[in-house]
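K.L.:
Mind looking over this structure? Questions follow.
The values are calculated or read from the model by the stated rules, or taken from the named source; none is laboratory data. None of the values given here were measured: they were computed from a predicted structure. Counting neighbours? That spans all protein chains shown, and the Cβs are built from the backbone with ideal geometry, glycine included.
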Amino acid sequence: MESGNVLNKTEDGRQAWREDVNGYVSTRPITAASRFSELLKFRALLWTLAWRDIRVRYKHSVLGVAWAMFIPVSMMLIFSFVFTKVVKVDTDVPYIIYAYSGLLPWQFFSSSTTAATNSLLANRSLVTKIYFPAEVFPFSSILAAFVDFLAGSIVLVALMAYFAMTGSSINISWTVSLIAVVLFVQVVFTAGVSLFLSMGNLFFRDVRYIYSVVISLWMFSSSVVYPMKVADPRIQWLLNLNPMTPILDAYRDVLLKGKVFDAASFGYSAIVAVVVFLCGWALFYRLQHRFAEKA
Amino acid sequence: MSRPTIIFDRVHKKFSRGLASDSLRDAFAAPIRKLLGRGEPAPGTAGNGEFWALNDVSFEVQPGEALGVIGPNGSGKSTTLKLLARILRPDKGRVAVSGRVGALIELGAGFHPDLTGRENVFLNASILGMGKEEIRRKYDQIVAFAELEDFMDMPVKWYSSGMYARLGFAVAAHVDPEVLLVDEVLSVGDFAFRDKCIEKMREFAKSNVTMVVVSHDRLMVEKLCGKGILLRKGKMESAGPVREVLDRYYTSLSGPGGAEFSSEASKKNMPIQITGVKVLDSGKGELKSDFLTSEGMTLQIFYRANEKISSPCFFSYIVSPTLSASYGAAIVHGSSSERFKLDIECAPGDEGMVEVRYKALNLLGGKYHVTVGVKANHFSTGEYDKVEKAVTLTISSALEQGGGTVFIEHNWSIMKKNLQQDQRPEIHQFQQSNNAKITI
């Protein structure tokens, strides 16, 4: 093949072909560095899209961002009723804060990934018309859900303050600052899962429906509203594979129990998160040029 | 010559018809089918349900040049733009573009209906690659260009489609692209705004922006582009100066053409049918299809009657493919036998010929078609028989070079202002000759 010569034949050294992110050759391999610099260039778009999602979501509702607190609080009340009045579940912190500290990060995870699943299809007019790093769509879904997470955290802080003052069995210490690490791992994992789901849904429209079932099953296989130790010992090995459980447990360890998270299980989650994210991202780049055909 | 801004090098792009593997069921079915021996074709060939949207297309665009991509629907024009905008990747060959690419591909793509005009400007501009600061700096310009100052705090779902397109164009036009891709975008919006957009694009052209324009609007392509390529079914049919390419395209659109048409097919269900059309030199009476603007033409229409009819109305009109492409069937000259009180009485089986004499064609250079027909009377809407584009004329003009379709004989003259007399000066006088009758 001598198709490479077209670019070279007018080459005169002085006017080298511009190799920056703007100059583009369709068959040039994509390097992680060039993609990353491109993504950096579009970071304003990430914020704008997230802000658009938030704005559209709450524009016509009377309660506005208060809905972000209402959903985990109401779920907390439901599960508190079920697991303290109907079925008794043993937790080492008061159940109400156990449930809320699980539901809040879970809600963040599930609403991010659910929104991300449809994000490429929902923005198909853009995906098929204009070029830019398309992962801003799943990522902005996460960012938008993070705002809800922050709003919901106000309730968590209030609950923690209440239980700390009433002298219940929660222990707040310096480990609270480790929340940043836990949150980071969760965001990386969420981003990886979101990349896979958004692509998957573009190529196979079934993914969205399947995931809505999967996410419920996933919730009850994670330590969201009850600890995993209540499960049948014979399936413990299977439940241990779930990277979400160590993340949720880590939230409770650093926030409510004043201890550092379990290095082994949380480390496992962190590795899974990074691997899922990198694989998802690499695949996303490999397939991006086919999005316009599929959307 | 400097290095080209756009290189399209032996580009192939394959698409599959239908919705291949949009659901998991198809995805699982495909490998099974493959196992059963009904596999997919080898890569590089277009197999079942696949077609080449672009097949071996190569061109280059130099900095500051504007290229018009012309062709019928489905010829690969939009695919070309999408490859340039790197939304798609070629299956074979390569595409290279240098510089910041701006796309006027779908105006207002990404506008969110619930957000206000202001919010959408920021959203859309950052989608097109502008930073926050840059948008803030250009915001007033954008709004002023769109002429929507009073509507910026209104959700765009209440905008009219024209307003929507205006805001979309205004944002896209302020991205300061080095390479601008223009798809059929100006079909909405009023003429004033359309002209403003074309003016803006010409400004781009002057400031050395490289452009690729896809449009069915001949006037726009002609105004903006110097070079053109003609695509048909994914293949490049011709390339060259845009006028030549456009002429080739519009000529190929017209029917068989020529100075003569004849049809021996019997149409018994028609009361009267047209069996032939001839274009003749008005002097010597020879068949002719190339005329000068000043020349006269004789048109002969042959008919056969199948029923008894009295005074049918024959008509003929000359159509310009250039005009009809953008404004529908533009009739340049109409005529009908009824106005001349021709006394035609037909018995079944009668054959005859009616003749129309055009003193001077008065048409400017280009291709024209003559459509002839016959109907019950001048006012009836349906016709007995009609031959679309029965013959094709090629007019060459030495008189006017400024464009346009019709030549109107006129004189320019000057009268100097006489300072002694208190009279309003006549600066120039427009005189229409008596024998130039234009019926439209």
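K.L.:
Within segment A:177-295, considering only helices (runs of 4 or more DSSP H) that don't extend past its boundaries, which have at least 1 residues that are surrounded by 15 or more Cβ atoms within 10 Å (Cβ to Cβ), aromatic (F, W, Y) and within 21 Å of the chain's Cα centre (by Cα)?
P.N.:
Once the helices (runs of 4 or more DSSP H) in segment A:177-295 are filtered for at least 1 residues that are surrounded by 15 or more Cβ atoms within 10 Å (Cβ to Cβ), aromatic (F, W, Y) and within 21 Å of the chain's Cα centre (by Cα), what remains is A:179-203, A:207-220, A:244-256, A:263-294.
K.L.:
Out of contact with any Pro (no Cβ under 8 Å at 6 or more places or on another chain), surrounded by 13 or more Cβ atoms within 10 Å (Cβ to Cβ), modelled with pLDDT of 80 or more and not in a strand (DSSP E or B): which single residue out of B:A360, B:A390 fits that description?
P.N.:
When all the criteria are applied, what remains is B:A360.
K.L.:
How about segment B:119-143: which of its residues are at the interface with chain A (Cβ under 9 Å from one of its Cβ atoms), surrounded by fewer than 19 Cβ atoms within 10 Å (Cβ to Cβ) and either at pLDDT 90 or above or under 13 Å from B:V175 (Cβ atoms) (or both)?
P.N.:
The answer is B:G131, and nothing else.
K.L.:
Taking the criterion of being within 26 Å of A:Y285 (Cα to Cα) and buried (at least 23 other Cβ atoms within 10 Å of the Cβ), would at least one residue in segment B:61-76 satisfy it?
P.N.:
So far as segment B:61-76 goes, yes, one or more of its residues are within 26 Å of A:Y285 (Cα to Cα) and buried (at least 23 other Cβ atoms within 10 Å of the Cβ).
K.L.:
Here's a follow-up. Taking segment B:289-316 only, how many residues are in a loop (DSSP other than H, G, I, E, B) and not polar (S, T, N, Q)?
P.N.:
Of the residues in segment B:289-316, 5 are in a loop (DSSP other than H, G, I, E, B) and not polar (S, T, N, Q).
K.L.:
Against the definition (of a type outside the set (V, I, T), exposed (fewer than 13 other Cβ atoms within 10 Å of the Cβ) and modelled with pLDDT of 90 or more), how does A:S80 come out, yes or no?
P.N.:
Taking the combined requirement at face value, the residue does not satisfy it.
K.L.:
When you look at B:V171, is it under 28 Å from the mean Cα position of the chain (by Cα) and not hydroxyl-bearing (S, T, Y), yes or no?
P.N.:
Judged against the criteria, B:V171 is a match.
K.L.:
Could you grab me the full set of residues in segment B:78-118 that are touching a His at 6+ places or on another chain (Cβ under 8 Å) and within 7 Å of chain A (Cβ to nearest Cβ)?
P.N.:
Correct list: B:R86, B:I87, B:L88, B:R89, B:P90, B:G93, B:D114.
K.L.:
Hey, does segment B:78-94 have a residue that's in a helix (DSSP H, G or I) and closer than 30 Å to A:Y58 by Cα?
P.N.:
So far as segment B:78-94 goes, no, none of its residues is in a helix (DSSP H, G or I) and closer than 30 Å to A:Y58 by Cα.
K.L.:
For B:S161, which of the numbered conditions (1) of a type in the set (S, T, Y); (2) touching a residue at least 24 places away in the same chain (Cβ under 8 Å); (3) surrounded by 20 or more Cβ atoms within 10 Å (Cβ to Cβ) fails to hold?
P.N.:
(3) is the only condition that B:S161 fails.
K.L.:
Using beta carbons and a limit of 8 Å, which pairs, at least six apart or on different chains, have the first residue in segment A:38-56 and facing chain B (nearest Cβ under 7 Å) and the second one of a type in the set (K, R) and part of a helix (DSSP H, G or I)?
P.N.:
Short answer, once both residue conditions are applied: A:A44/B:K132.
K.L.:
Here's a follow-up. For segment A:116-128, check the following and say yes or no: at least one residue is crowded, with 20+ Cβ neighbours inside 10 Å, in contact with a Gly (Cβ under 7 Å, 6 or more places away or on another chain) and assigned to a helix (DSSP H, G or I).
P.N.:
Within segment A:116-128, one or more residues are crowded, with 20+ Cβ neighbours inside 10 Å, in contact with a Gly (Cβ under 7 Å, 6 or more places away or on another chain) and assigned to a helix (DSSP H, G or I).
K.L.:
Taking interchain pairs and intrachain pairs at least six residues apart, which have beta carbon atoms under 9 angstrom, with the first residue in segment A:202-228 and within 14 Å of chain B (Cβ to nearest Cβ) and the second of a type in the set (A, V, I, L, M) and part of a loop (DSSP other than H, G, I, E, B)?
P.N.:
Matching pairs, first to second residue: A:L202/A:A295.
K.L.:
Same structure, new question: Condition check: loosely packed, with under 15 Cβ neighbours inside 10 Å, closer than 30 Å to B:F8 by Cβ and more than 11 Å from every other protein chain (Cβ to nearest Cβ). Does A:F70 satisfy that?
P.N.:
So A:F70 fails the test.
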